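So the structure is just underneath, and the comments pick up after that.
The values are calculated or read from the model by the stated rules, or taken from the named source; none is laboratory data. It should be emphasised that the depicted structure is a prediction, and the values quoted were computed from it without experimental measurement. For accessibility, only protein heavy atoms count, side chains too; no ligands or nucleic acids. Shrake-Rupley method; radii C 1.70, N 1.55, O 1.52, S 1.80 Å.
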Amino acid sequence: TFPGTDPSADKFIKTDGSGNLSFADAGGGMMTLVTRTAITSDVGEVAFTNLEANNFHKFVFQGIDSTANSGEDFACQVSTDNGSSYITSSNYNWVYWQYYSTGNNNTTGANGSNAIYLADGFHTSGAEDALHGELNIFNVGNGQRFTTYGQSSHRADSSNKRRGTVNAGELEQDATVNAIKFFFDSGNITGSSYAFITHYKGVL
């Protein structure tokens, strides 16, 4: 039997050991799909609003490329008014480490930046060359310092056929963050049948 509990999102079916079933809240650590955004045409940015407080959020990137292809950087900014405006002041700190398939590497970072930068060196167009990876964000909606950690891979050019990147960033102020947007510092995000950003949330 199913007691009169609505089988809403984020529930699972449990048993009491006597054959009785009921809906219950999922336990901590569960990842829940929030939305999958297909990027089918060129856009300046992709935004996610209504980020639920006291969860960590994961964004998985598939086929993200720039229309400019002249060395663009992939970045994000956050909002405290659910996407009506985004923080663009020099309050972001970030660092990333990249390793190239030619055997080179570089470590790049900035304090007092206008965004958190996630990866650089987009010179080659095409779905198989684009960025694939993920970004995890923390301290969402609770008035604390917003932080990020992520990793990705993309093709830079004919010499650097594969770049692996690990990145970290923060907003250097206490804030109640409830939205985030992703963009390139030059050009648009290329639309294709392979380009997606998928948003998950997890219980802390």
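The residues of segment 154-204 expose on average 40 square angstrom of accessible surface per residue, using a 1.4 Å probe on protein heavy atoms. Over all pairs of different C-alpha atoms, segment 77-204 has a mean inverse distance whose reciprocal, the Kirkwood radius, equals 15.6 Å. For segment 153-204, the carbon plus sulfur part of the accessible surface works out to 47%, probe radius 1.4 Å. Computed over protein heavy atoms with a 1.4 Å probe, the carbon and sulfur contribution to the accessible area of segment 73-124 reaches 43%.
Among the protein heavy atoms, those of His132 account for about 60 Å² of accessible surface (1.4 Å probe, every chain in place).
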